[in-house]
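Trainee: This is the structure, below, for whatever I ask next.
What follows draws every value from the coordinates through simple rules; no lab data is involved. All figures in this text were calculated on a predicted structure; none of them were measured in a lab. Backbone-built Cβ (ideal geometry, glycine too); neighbour counts: all protein chains shown.
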Amino acid sequence: MCTRKKNEWLNNVIKKIEESNKKNESKKFFNEIKHLIWQNTRLSYMCKNVQNTILTQMGQILNRWKEYFCTLLNTETEGLPDNHKTQLKHSDNQQDIEIPAPTFNEVCCIINKLKSGKAGGTDNIIPELIKYGGRALKHRIYRLITMIWKE
């Protein structure tokens, strides 16, 4: 019975998607597909530890990810070939090089390349608002970026 109900639901959703496609409602069409894919995506709550045993408890999984990234990001150069060691030493010396702040033209160019039709972030500011906000808005964004850059 559950399988039958699920198949009926899926057929109804597919019919809605097909109708959106026939009516050339592309935004609705892609949103319905995205929603369908998102509903059928399941995140696995399993992970293997160093001994290849499967962890299923969330606390153990989080600790394993923490351990993994700590070992990944805090590697030593002992096992690396000599040419990689010199590259690492060379890149360590380059940390003192100061990168110049972006210019106003670079900031304007990036703002003009923003894609339209995208959702706003946590602040609900959509890209069109920034893109078509005018020169005054672009100048204020530029001043904000340079202030952050200096700090």
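Trainee: From the phi of every residue in region 117-127, what ³J(HN,Hα) in whole Hz does the Karplus formula 6.51 cos²θ - 1.76 cosθ + 1.60 yield, where θ is phi - 60° and glycine or proline is x?
Mentor: So the Karplus estimates, Gly and Pro as x, are x, 8, 6, x, x, 5, 8, 6, 8, 7, x Hz.
Trainee: Right, another one. I need the phi-derived Karplus couplings for region 59-66: 6.51 cos²θ - 1.76 cosθ + 1.60, θ = phi - 60°, integer Hz, Gly and Pro marked x.
Mentor: x, 5, 5, 5, 5, 5, 5, 4
Trainee: Could you rank the peptides 57-69, 113-125 by their average count of other C-beta atoms within 10 Å per residue, with the highest value first? The partial results should precede the final answer.
Mentor: Numbers: 57-69: 12.1, 113-125: 8.9.
The packing order, highest mean first, is 57-69, 113-125.
Trainee: Additional query: Strictly over 22 Å apart at the Cα level, which of Lys113/Lys150; Lys118/Lys150; Lys34/Lys118; Lys6/Lys27; Lys5/Lys27; Lys22/Lys131 would you flag in this model? Working shown, then result.
Mentor: Numbers: Lys113/Lys150 25 Å; Lys118/Lys150 30 Å; Lys34/Lys118 14 Å; Lys6/Lys27 25 Å; Lys5/Lys27 28 Å; Lys22/Lys131 32 Å.
Over 22 Å Cα-Cα: Lys113/Lys150; Lys118/Lys150; Lys6/Lys27; Lys5/Lys27; Lys22/Lys131.
Trainee: I would also like to ask the following. Cut-off under 28 Å on the C-alpha distance; same-chain residues fewer than 8 positions from Lys48 excluded. Which lysines are left, in chain and number order?
Mentor: Lys66
Trainee: Please get the size of the charge dipole for region 104-150, origin at its Cα centre, with Cβ charges of +1 on Lys and Arg and -1 on Asp and Glu, quoted in debye to the nearest 20. Each step should come with its number before you reach the end.
Mentor: Working: 9 positive and 3 negative charges, 25 e Å.
Roughly 120 debye, rounded to the nearest 20.
Trainee: Which of Cys108, Cys47, Cys2, Cys70 has the fewest other C-beta atoms within 10 Å, and how do the rest follow up to the most? Please report the intermediate quantities before stating the final value.
Mentor: Details: Cys108 15, Cys47 18, Cys2 6, Cys70 9.
Going from sparsest to densest Cβ surroundings: Cys2, Cys70, Cys108, Cys47.
Trainee: I would also like to ask the following. Once amide H atoms are placed 1.01 Å from N in the peptide plane, what residues at a sequence separation of 5 or more from Cys47, or on another chain, have their amide H within under 5 Å of its amide H?
Mentor: Hits under the 5 Å cutoff: Leu55.
Trainee: Hey, another quick one. So how do Tyr132, Tyr142 line up by other beta-carbon neighbours within 10 Å, fewest first? Can you show the working numbers first?
Mentor: Working: Tyr132 12, Tyr142 19.
Ascending number of Cβ neighbours within 10 Å: Tyr132, Tyr142.
Trainee: Less than 14 Å Cβ to Cβ from Ala101, Lys/Arg counted +1 and Asp/Glu -1: what total charge do the surrounding residues give? It would help to have the intermediate numbers written out before the result.
Mentor: On the way: positive: Arg143, Lys150; negative: Glu98, Glu106, Glu151.
Here the charged neighbours net out to -1.
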